[in-house]
């Protein structure tokens with residue numbers, strides 16, 4: 001471990017511990033979901049949280065924002081929400097002293113460090129596109145003028161997988177803009193009892209701010225400095241290529257069961273996200289190098305929304321998570337891309 005990176009990793013692990021301690025004052029359980037949210041923050045990514053109503057998705061995001069010393073805005077997506085309601089608009093201003101008229105930009109709620117897009121599938125595609133464009137460009141353009149968004153900038157969106165009538169599902173190309181798709185499951189019986197104990201009493205959790213914007217930016221730079229050797233890069237590429245029906249697939253060609261169940265596979269952005277998330281995972285573990293096991297640990301949230309299954313998969317009850325499970329079991333980490341030679345695997349690398 002380099003002398004410069006060591007203290008940064010120590011700071012990162014300490015920040016993670018303090019963040020989780022504060023979050024658990026308001027959130028019961030959901031450790032895996034919290035970890036995936038923190039990974040997304042460390043790689044400057046955006047998250048889509050999917051779960052049925054009542055699983056504290058909104059509470060989790062708002063609680064996370066309260067523990068970060070960052071600006072936070074929440075947008076409740078509805079069918080009548082317009083793009084300007086998110087990005088802002090130019091308003092006519094009258095100077096009372098001179099009577100001169102001019103347009104002034106009034107920023108929308110997207111001008112915050114953390115933006116909660118609540119029930120993103122409840123608003124029409126035009127408004128979704130305005131948000132997703134800002135996610136990629138980190139700016140909005142109004143009246144021909146560009147307005148940069150704050151740094152750091154994260155969009156944490158929620159989506160309800162039921163009651164799809166009257167909703168506007170995100171197209172696959174727009175889903176690809178999210179680094180992670182995080183599934184929020186029902187709590188265990190023990191956790192649900194604890195939820196009842198906390199939420200039916202008079203006590204309100206008080207969350208402290210434990211990470212500043214400058215500290216978060218420093219931790220993001222530390223994650224980028226984590227090393228990923230060629231065998232780790234190769235494995236990430238192999239996983240992404242193995243999902244693709246339209247192409248040569250992974251080493252050894254497209255697997256027959258992938259052709260049977262998949263319409264479209266993951267693109268190059270998936271490989272990028274696998275490596276970045278693996279680096280963040282390694283950093284949280286105190287290591288200055290990412291391993292194949294780190295890539296495997298983040299494969300589900302990175303790949304599940306980038307694999308488009310077909311009717312045959314739906315009829316057989318095969319989900320994208322099932323496909324990722326099978327890929328993790330069958331894609332050989334020892335095979336190097338292109339060369340067809342065994343890669344070196346040492347200490348998980």
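Coordinate-derived values only; no laboratory data. Only a predicted model underlies this, so the values are computations on that prediction, with no experimental measurement involved. Because the Cβ atoms are built from the backbone with ideal geometry, glycine has one as well, and the counts that use them run over all protein chains shown.
Highest average first, the peptides 38-47, 213-222, 273-282 ordered by how many other beta carbon atoms sit within 10 Å of their residues are 273-282, 38-47, 213-222. Spin-label pair residue 227-residue 137: with each label point 7 Å from Cα along the Cα-Cβ axis, the two points sit 4.0 nm from one another. Measuring r between the beta carbons of residue 21 and residue 218 and using R0 = 22 Å, the FRET efficiency lands at 0.60. Here the gap between residue 193 and residue 11, fully extended at 0.36 nm per residue and compared with their Cα-Cα distance, gives a gain of 62.1 nm. Give the angle, between 0 and 90 degrees and rounded to the nearest 10, that separates the Cα long axis of helix 213-224 from the longest principal axis of the Cα atoms of the chain. Tilt of helix 213-224: around 20 degrees. Considering helices alone, the calculated mean residue ellipticity of the chain at 222 nm is -12500 deg cm²/dmol, with DSSP H runs of length four and up weighted by -39500 (n - 2.57) and normalised per residue. Spin-label pair residue 104-residue 82: with each label point 7 Å from Cα along the Cα-Cβ axis, the two points sit 2.1 nm from one another. For helix 57-67, what angle does its Cα long axis make with the longest principal axis of the chain, in degrees from 0 to 90 and rounded to 10? That works out to roughly 70 degrees. Taking every C-alpha pair closer than 8 Å and separated by at least 6 residues, the mean separation divided by the residue count of the chain gives a relative contact order of 21 percent. Report the FRET efficiency, 1/(1 + (r/R0)^6), for residue 312 and residue 172, where r is their Cβ-Cβ distance and R0 is 22 Å, rounded to 0.05. Taking R0 as 22 Å, the efficiency between residue 312 and residue 172 is 0.80.
Computed over the alpha carbons of the chain, Rg followed by Dmax gives 21.8, 77 Å. Highest mean packing first, where packing is the average number of other Cβ atoms within 10 Å per residue, the peptides 86-99, 11-24, 111-124 line up as 111-124, 11-24, 86-99. FRET efficiency for residue 90 and residue 69, Cβ-Cβ distance as r, R0 = 25 Å, nearest 0.05? The computed FRET efficiency comes out at 0.20. Rounded to the nearest 10 degrees, the inclination of helix 31-42 to the longest alpha-carbon principal axis of the chain is 70 degrees.
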